[in-house]
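Single-structure report; data block below.
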Amino acid sequence: MITNAQSSNIHMDKKQLKALMRRSDRPGLTYLAAWIALLAITGTPVILTAGSWWFIPAILVYSGCFAVSAYALSHECAHGTAFRTRWLNEAVFWVTSLLYYEEPLHRRYSHASHHTHTWIEGEDNQMPYAPIPLTFAGWVEEILGLGLYWHQTKMFVLHSLGIFSENVKRVTPASELPRMQSNTQICVAIYLGLAAISMAAGWLWPLYLIVIPRVLGGPVMNAFILMQHVEMAENQPNIVQSTRSFRTNWFFQFLYFNMNHHIEHHLYPTVPFHALPDLSDKLGDQLPPPDPGFISTHWEVLKITIRRSLGRNDRSAKIRQAFSDDLTGAQNDQSVA
Amino acid sequence: MTNQWHDACATDDVDDEDLITMKLAGQTVAIYNTPEGFFATAGMCTHEDESLDGGLVMDGVIECPLHQGRFCVRTGKALSAPVVENLKTYELQVRDGRVWVKV
Ligand code: FES
C-alpha cells in the first residue's frame, strides 16, 4: 500500500506544483545562518555560566534550539530539498545527522519507507517504538527518546560490523549495505575521535554544546516528531487521515523548518520547506484545518494517553484523532474523527 | 511492436525543464525538455515503481516525486539514494517540431 497524494485523493495543478518544487540555495542558507547565529547567541551564556546555577536555564534554552533544528534540517536534507547545490545539501546532511545521532544513509532509507508506507505497521520503519495507541508509559518512552537511543546505538554497533536486521534489509537495496557499513564506521570514528580528543585536550565544549543539549533538547524534539502522526489513523492509504498539521508561532516554525505543515509535506515531499506555507494555501480546503498550537495539541495528546492508561474515555474534541482502537492496537483504525 | 519509432508528441507539449509521461508500445516513457535538448527514459522510478511524471527536472536530472531519488535524464544513471538501479533510456529524435521516440 503506497501512501501519496493520489492515494489520499488530493489534487494539485501540475504547473503550480512545479513552481513550488523549484530549488534555490538562498532560503536554506538563510535558515542555516540564522540557526548558527541563534546557537551562537544562546550558546555563549552556556559557556560563560558553566559552574553556576545560571548554567541550567542557559543550557535548557540552547538545547531546545539545538536539537529541534538539528533534527529538522537533517530531515530536510534527507529529502535533498534543503539546498539546490547537491554537495551543500549532502555536507549539511552529514553534519546534522551526526548531531541527530543517526547514520545518514540509514536515515534516508528508513525515511523513504516512512513516506511510502506512512503509519502502516510493519512497513513504516519510523513508527514509535512504544506500542500504539500510546499509553502514558508509551508517551514517556517516546518523549524521552529511550527507544530511539537504544535502537540507534545498537545500529551503530551492528552496522559497523556489517550486521543488518531484516527490517533494515527490507528497505535498503543489498548493493547499498556495504556503503551503509562504511558510513557507520566513519560516524563511529568521528564520535569516538571527538571524545578522545576532548578528553586528551580537556575540552568541555563538545559536552556542553553537543552531547548534553542533544539529550536535554531531545524531549522537545521528540514532542515535535511525535505530533506528526500520533493519534492518527493507522494502516490505511490516506495521508490526510494518518498525518497531522498544526498551527504554531513563527519561532517554532523556524526551528522546525515549517514541518508543522506535515500533511502537505507528506503529500508533496519534493516541495522544499520554505514553500510549504504556500503549498498549504494552494491546497486550501482539500486539507482539514490544522490542529491548534504546538503546546496545546501536545497537551491534548498527553491527556489522552493518561486517560487511556486509566481506562477512561480517550477522546479529545480539540484535536484530530482516529476513531477508537483497542489498547493492544490489534484493531486497525480506518478513519479520523 | 517494439524497436519502432513513435511520433510521441509536439516539442511544445513539454515545458522547458519539465517532462511528460506516456504509454508507447506498452511501456511508460518519460520525455524531458532540458536546455541540452530532449531526452527519453523509462517513466517509472526503479526504486518503488512511482511514476516520474510529478518529478522535478533540474540541471539535466529528474528527481522522483516520492523519495527524491535522482537520475541523469541523458544516460538514465541512478545518481543518489534511494535509487541504485539505472533508468532505461530510449533513442529520441526531434523532426519538424515533433518528438519521435524509438521504443
Ligand atoms: S520511488 Fe522513486 S525514489 Fe523512491
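Would you please name the chymotrypsin sites (Phe, Trp or Tyr not before Pro) within the range A:1-95 that are DSSP coil residues with at most 16 other C-beta atoms within 10 Å of their C-beta?
Passing both the DSSP loop test and the Cβ count: A:TRP53, A:TRP54.
Mind checking the per residue accessible area of the range A:59-200 for me, 1.4 Å probe, whole number of Å²?
Here the residues of the range A:59-200 average 39 Å² of exposed surface.
By the gyration tensor of its Cα atoms, with a ≥ b ≥ c the square roots of the eigenvalues, what is the shape of the range B:44-91: rounded for a/c under 1.5, prolate for a/b over b/c, or oblate? Working shown, then result.
On the way: a/c = 1.31, a/b = 1.18, b/c = 1.11.
Rounded, since a/c falls under 1.5.
Total Å² of accessible surface buried at the B-A contact, 1.4 Å probe, nearest 100?
Accessible area lost upon association: around 2000 Å².
If you average the alpha carbon positions of the range A:246-296 and of the range A:137-180, how far apart do those two centres end up, in angstrom?
After rounding, the separation between the Cα centres reads 28 Å.
Quick one: compute the contact order of chain A, relative version, from alpha carbon pairs under 8 angstrom and 6+ residues apart, as a percent.
24
If one puts a single equal scatterer on every Cα of the range A:32-173 and applies the Debye formula without solvent, what log₁₀ I(q)/I(0) results at q = 0.10 Å⁻¹?
Here the Debye-derived log intensity ratios amount to -0.44.
I need the per residue convex hull volume for chain A, using only the alpha carbons, in cubic angstrom as a whole number.
Cα convex hull per residue, to the nearest whole number: 142 Å³.
Would you compute, for the Cα atoms of chain B, the largest minus smallest coordinate along each principal axis and list the three values in descending order, in whole Å?
Principal axes ranked by extent give 38, 30, 19 Å for the Cα atoms.
Carbon and sulfur: what percent of the protein assembly as shown's accessible surface (1.4 Å probe)? Intermediate results must be reported in sequence, preceding the final value.
Working: 11760 of 19100 Å².
Reported share for carbon and sulfur atoms: 62 percent.
For the range A:176-186, take each phi angle, set θ = phi - 60°, evaluate the Karplus expression 6.51 cos²θ - 1.76 cosθ + 1.60, and give the result in whole Hz per residue in order, putting x for glycine and proline.
Result, rounded to whole Hz: 8, 5, x, 5, 5, 5, 5, 4, 5, 4, 5.
So, R0 is 35 Å and r is the distance between the beta-carbons of A:SER309 and A:VAL157; what FRET efficiency does that work out to, to 0.05?
About 0.55, to the nearest 0.05.
By how many degrees, between 0 and 90 and to the nearest 10, does the Cα long axis of helix A:146-160 differ from the longest principal axis of chain A?
60
Suppose we compare each residue of the range B:66-103 in its chain alone and in the full protein complex with a 1.4 Å probe; which ones drop by at least 20 Å² of accessible area?
Residues meeting the cut-off: B:LEU66, B:HIS67, B:GLN68, B:ARG70, B:ALA81, B:PRO82, B:VAL84.
Under unit Cβ charges (Lys, Arg +1; Asp, Glu -1), what dipole magnitude, rounded to 20 debye, does chain A have relative to its Cα centre? Don't jump to the answer; show the numbers that get you there.
Numbers: 25 positive and 25 negative charges, 127 e Å.
Approximately 600 debye in magnitude.
Calculated from DSSP H runs of 4 or more alone, at -39500 (n - 2.57) each and per residue, what is the 222 nm mean residue ellipticity of chain A, nearest 500?
Dividing the helical sum by the residues of chain A leaves -18000 deg cm²/dmol.
Please give the helix A:26-49 orientation as an angle from the longest Cα principal axis of chain A, in degrees from 0 to 90, rounded to the nearest 10.
50
Using a 1.4 angstrom probe on the protein heavy atoms only, line up A:ASP281, B:ASP18, B:ASP7, A:ASP25 by accessible area, largest first. Walk me through the numbers before you get to the answer.
Working: A:ASP281 120, B:ASP18 15, B:ASP7 75, A:ASP25 40 Å².
Correct descending sequence by accessible area is A:ASP281, B:ASP7, A:ASP25, B:ASP18.
The values are calculated or read from the model by the stated rules, or taken from the named source; none is laboratory data. Please read all numbers here as calculations on a predicted model, not as lab measurements. All Cβ positions, glycine included, derive from the backbone under ideal geometry; neighbour counts span all protein chains shown. All accessible areas refer to the heavy atoms of the entire protein, side chains included, with ligands and DNA or RNA removed. Shrake-Rupley method; radii C 1.70, N 1.55, O 1.52, S 1.80 Å.
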